[in-house]
1. Assuming 0.36 nm per residue, please report the length gained on full extension of the stretch R93 to R110 beyond their Cα-Cα distance.
2. Provide K54, K27 in ascending order of the number of other Cβ atoms located within 10 Å of each residue's Cβ, fewest first.
3. Treating the beta-carbon of each Lys and Arg as +1 and of each Asp and Glu as -1, no other charges, what is the dipole magnitude of the chain about its Cα centre, to the nearest 20 debye?
4. Among M177, A195, V166, which residue has its Cα positioned farthest towards the positive end of the charge dipole of the stretch 133-226, with +1 placed on the Cβ of Lys and Arg, -1 on the Cβ of Asp and Glu, and the dipole taken about the Cα centre?
5. For the residue pair D41 and K73, what label-to-label distance in nm results when each label sits 7 Å from Cα along the Cα-to-beta-carbon direction?
6. Express in nm, to one decimal, how much length is gained between I193 and K27 on full extension, taking 0.36 nm for each residue of separation and deducting their alpha carbon distance.
7. From the helices alone, meaning DSSP H stretches of at least four residues, give me the mean residue ellipticity at 222 nm for the chain, per-run term -39500 (n - 2.57), in deg cm²/dmol to the nearest 500.
8. Report the full-extension gain for the segment V166 to K227: residue separation times 0.36 nm, less the Cα-Cα distance, to one decimal in nm.
Amino acid sequence: MRLATLLLALFATSAPAFAQAPSEAAKNMVGTWEMSNSERDKLCNLTFRTDPAKGGFKVEFDPTCTDAIPLLKGVEAWTLNNETLHLIDGRGRAVFEMSEVEVGMFEGERKDEGLYFLQTAASAAVFTPKRSVEQMAGEWSMTKGEKPVCNLTLTDRQTKGFDEFVLSVQSPCDPTMTRLNPNVWRLDRGELILASPNGQVWRFEEREPSKWRRVPEGADAIGLVKK
């Protein structure tokens with residue numbers, strides 16, 4: 001009994017910090033944020049959660065983000081202390097720090113790479129360029145988990161009476177897309193909409209230049225990439 005008591009006491013005193021309840025400041029971090037370099041030609045959306053992870057709380061992002069922003073390689077968690085955000089790797093080590101420079105905006109510098117910024121998705125939307133029909137028209141590839149599964153063409157041929165344009169799907173194609181059977185597309189407040197004759201729609205938002213992801217996200221991680 002005495003040994004069991006000692007073991008319980010030892011476990012309690014050595015419990016990792018991430019098991020503690022998140023502070024109010026940490027709770028305010030929950031949600032999707034955009035990380036970018038100063039030129040905004042390298043972008044990645046990070047989703048901060050308060051689920052426990054080694055060294056802090058859980059953070060999620062698309063695996064392809066590490067191609068655009070290499071410092072994210074191995075990052076699995078985050079903590080927030082004294083207005084400083086720490087990105088934590090799988091071994092529980094802080095690999096990058098960003099300081100809060102204003103509400104909803106963090107900044108950090110990495111040697112030989114320059115400044116990186118982190119801002120809420122709502123703030124980032126102000127800087128997101130509005131796409132034109134001319135920019136969107138062309139050949140696209142639908143992906144599931146980054147694997148190409150279908151090709152489609154967004155044309156600039158407008159339908160009658162609506163700000164919609166003709167869409168064609170090429171065969172063969174993934175059953176997920178053929179079930180939707182979209183025939184038109186449009187832009188709506190920065191989102192790309194694919195619509196079928198029965199009124200069913202899929203919405204996509206731009207995560208990186210020419211790379212769009214279906215929202216809300218599902219287990220299939222459906223995306224669109226312009227060729």
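1. The span from R93 to R110 would gain 4.5 nm if fully extended.
2. Exposure proxy ranking, most exposed first: K27, K54.
3. 700
4. It is M177.
5. For D41 paired with K73, the spin-label model returns 2.1 nm.
6. 56.6 nm
7. Taking each H run of at least 4 residues, the total per residue is -4000 deg cm²/dmol.
8. 20.2 nm
Just so you know, all these numbers are worked out from the coordinates, no wet-lab data involved. Quantities reported herein were computed from a predicted structural model and do not represent experimental measurements. Positions of Cβ are backbone-derived with ideal geometry, glycine not excepted, and every protein chain shown enters the neighbour counts.
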